[in-house]
Amino acid sequence: EEYKGILKEYRDDMVKYAPDKDKPHIRECFNSIPKQLAKENKKFQYSKVKPGGRGETYLGSLQWLEDAGIICRCYNTDITGLPMEGNAKDNVFKVYTADIGLLIEMLGPGTRADILQGNLGGFKGAIFENLMADTLHKKQQSLYYFLKDSGLELDFLVRMKGECVPLEVKAKTAQAKSVQTVLKHADKYHVKHIIKFGDYSCSRSPTTCSSSWIWSRKKSSSNQSTWTPSTPWQRRSLANLRNYMGESEGNRGVVWRYGS
């Protein structure tokens, strides 16, 4: 009931405080977020807001929602390197709710129970991504994702200890092909570590759960570059993710992180 009331207040404020020219479009943009995130390619598309929709019609509406702290944008870059701000494409982005609770409420009654019972189906990945966007946004992180025309994609890119580090958020145990490609071509992508988050139990054996480890580049005895799991490890649940990131609450799952 609390989030239902908050969602109603947000929608009322969109009409009450927004500029007159944007009022008809702000709600349309906001209400389209679940449909935008349900797509395989989650890039924000104005045609999903309204058939025939164009950027010049809705740009002001999106900016109002962002300035009001209701949404956060995650910008595309096709370069896995620093500075991410300089490589981002201003006109290609995903849109997430700035609070995961708003998205859950927008998905309708019973969604919370579906989460607890594991009945989300294909939308589970979208919820996981929005949770990560919410967490990073609250940590004052600018949001970026990697996507090339070839289809190679990494969910998030963050600056960590002077490196560009990809974060992959997976709702199931499928192999992350983009991760493997990026790690195999380190000289091209300049990635030393990748962190993967998932909602499933995970063995410490790299032969049984290799895609759920953080990988780092090392030299073998023959001086050949190989990719092997980094150590040491910490295993934490997504129930404590926001505590770990400096927040107070989160959702369930498993997190693997490189560090002592």
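Which whole number of Å³ per residue matches the convex hull of the alpha-carbon atoms in the range 76-144?
Working: hull volume 7.4 nm³, N = 69.
Spread over its residues, the Cα hull of the range 76-144 gives 108 Å³ apiece.
Averaging over all projection directions, the Cα-based convex hull of the range 110-159 occupies 4.7 nm² in the image plane.
Between Glu1 and Asn41, the distance separating the two model label sites (each 7 Å from Cα on the Cα→Cβ line) works out to 4.5 nm.
Could you tell me whether the range 132-193 comes out rounded, prolate or oblate from its Cα gyration tensor? Rule is a ≥ b ≥ c as square roots of the eigenvalues, rounded for a/c under 1.5, then prolate if a/b exceeds b/c, otherwise oblate. Because a/c hits 1.5 or more and a/b fails to exceed b/c, the range 132-193 counts as oblate. In summary, the convex hull built on the alpha carbon positions of the range 1-127 has an orientation-averaged projected area of 9.0 nm². If you bin all the Cα-Cα distances of the range 65-105 at 10 Å, starting from zero, the percentages per bin are 28, 41, 26, 5.
Could you give the Stokes-Einstein D for the range 83-200 in µm² per second, using the C-alpha Kirkwood radius, 20 °C, 1.002 mPa s? Let's see the in-between values first.
On the way: Rh = 15.6 Å.
In µm²/s, the coefficient rounds to 137.
A short reminder: the numbers here are calculations on the coordinates, not readings from a lab. Since this is a predicted model, take the numbers as computed values, not measurements. Cβ: placed from backbone, ideal geometry, glycine included. Neighbour counts: every protein chain shown.
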